[in-house]
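Right, one structure below, let's go through it.
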Amino acid sequence: MAENHFTTHRGLFDLSGKYALVTGGTKGIGMMIARGLLQAGARVVISSRDADTCAEAQHLLSAFGEVQAIPADLSRHDECRRLADLVKDDSERLDILVNNAGAMWREPLETFPDEAWDSVLDLNLKSPFWLVQALLPALRRAGTADDPARIINIGSIGAIHVAESPNYSYAASKAALHQLTRVLARELGPQHVTVNAVAPGVFPSRMMESTLDAIGDTIAASAPLRRLGRDDDMAGVAVFLASRAGSYLTGTVVPVDGGIATTASGTP
């Protein structure tokens, strides 16, 4: 009979001693994830473009654990490399990489501009790839067969079902990120690095503020669970994927949306 390997040295969801990077971790979903990782015991680096926003977020999140904020414009390849170098200077090992930084552009088809493709794809799709490239040596050093390093890409339910809002480049970039997650999972699994994606539904954030003001109640009513996402919903799935509890998952896309994308007919 095969031997059972029970977790004895720390709990299934304990991230004590782990080192994590959360891009776009200064607000919205990124801050929810950073807070969850900190509360589970990880040491966390967050990033965003604005230095003042970084300082404010670092102050707020420091109540939950050891956090450092680094300003970086991750739509640029050189800035991704700079951030990666700073992370590697601090530690040769990176246990958790959360690629969350993203942008959305809503505009009708007839007037949808070229820059809406370039800016959105650079941040939503190219940036996660560039960071994986730059941080892979540190992720390999952290991962073991029993406890792999983790890459968590933040996709969207907009890549699973078709929303009515005209967000062409956003939906396309997130669908591509889901597939990139699967491609990387196959390649990096033997190197003791898992790669999974989270596909959030509607959570309170600056990106979703206008949508929630207009049709937030309608969206909540369309979900089988009849509500919008909450901070702990996003923190919880991130801690699960980053911890021992999620060590045997790779190549998955986890919708965290109250059932909208997978069981409902759609949402406005």
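The values are calculated or read from the model by the stated rules, or taken from the named source; none is laboratory data. Nothing here was measured: the structure is a model prediction, and the numbers come from that model. Glycine also receives a Cβ, built like all others from the backbone with ideal geometry; neighbour counts cover every protein chain displayed.
When the test is whether a residue is surrounded by fewer than 23 Cβ atoms within 10 Å (Cβ to Cβ), assigned to a loop (DSSP other than H, G, I, E, B), among the β-branched types (Val, Ile, Thr) and more than 16 Å from the chain's Cα centre (by Cα), VAL162 passes it.
Does LEU97 satisfy being modelled with pLDDT of 95 or more, crowded, with 16+ Cβ neighbours inside 10 Å, in a strand (DSSP E or B) and not hydroxyl-bearing (Ser, Thr, Tyr)? Spelling it out, LEU97 is indeed modelled with pLDDT of 95 or more, crowded, with 16+ Cβ neighbours inside 10 Å, in a strand (DSSP E or B) and not hydroxyl-bearing (Ser, Thr, Tyr). Does ARG244 satisfy the criteria of being more than 26 Å from ALA176 (Cα to Cα), at pLDDT 95 or above and among the charged types (D, E, K, R)? Spelling it out, ARG244 is indeed more than 26 Å from ALA176 (Cα to Cα), at pLDDT 95 or above and among the charged types (D, E, K, R).
From the list GLY189, GLY201, the lone residue that is surrounded by fewer than 21 Cβ atoms within 10 Å (Cβ to Cβ) and either out of contact with any Ser or Thr (no Cβ under 8 Å at 6 or more places or on another chain) or at pLDDT 80 or above (or both) is GLY189.
Of a type in the set (A, V, I, L, M) and more than 17 Å from ILE154 (Cβ to Cβ): is that true of ALA20 in this structure? So ALA20 fails the test.
Out of SER75, SER62, one residue alone is touching a helix residue (DSSP H, G or I) at 6+ places or on another chain (Cβ under 6 Å) and among the polar types (S, T, N, Q). It is SER75. Residues in the range 78-103 that are in contact (Cβ under 8 Å) with a residue 40 or more places away in the chain and of a type in the set (Lys, Arg) were compared, and the one that is farthest from GLY41 (Cα to Cα) is ARG81.
Quick check, is SER16 in contact (Cβ under 8 Å) with a residue 40 or more places away in the chain and over 20 Å from ASP122 (Cα atoms)? First the steps, then the outcome.
Numbers: in contact (Cβ under 8 Å) with a residue 40 or more places away in the chain: no; over 20 Å from ASP122 (Cα atoms): yes.
Criteria not met by SER16.
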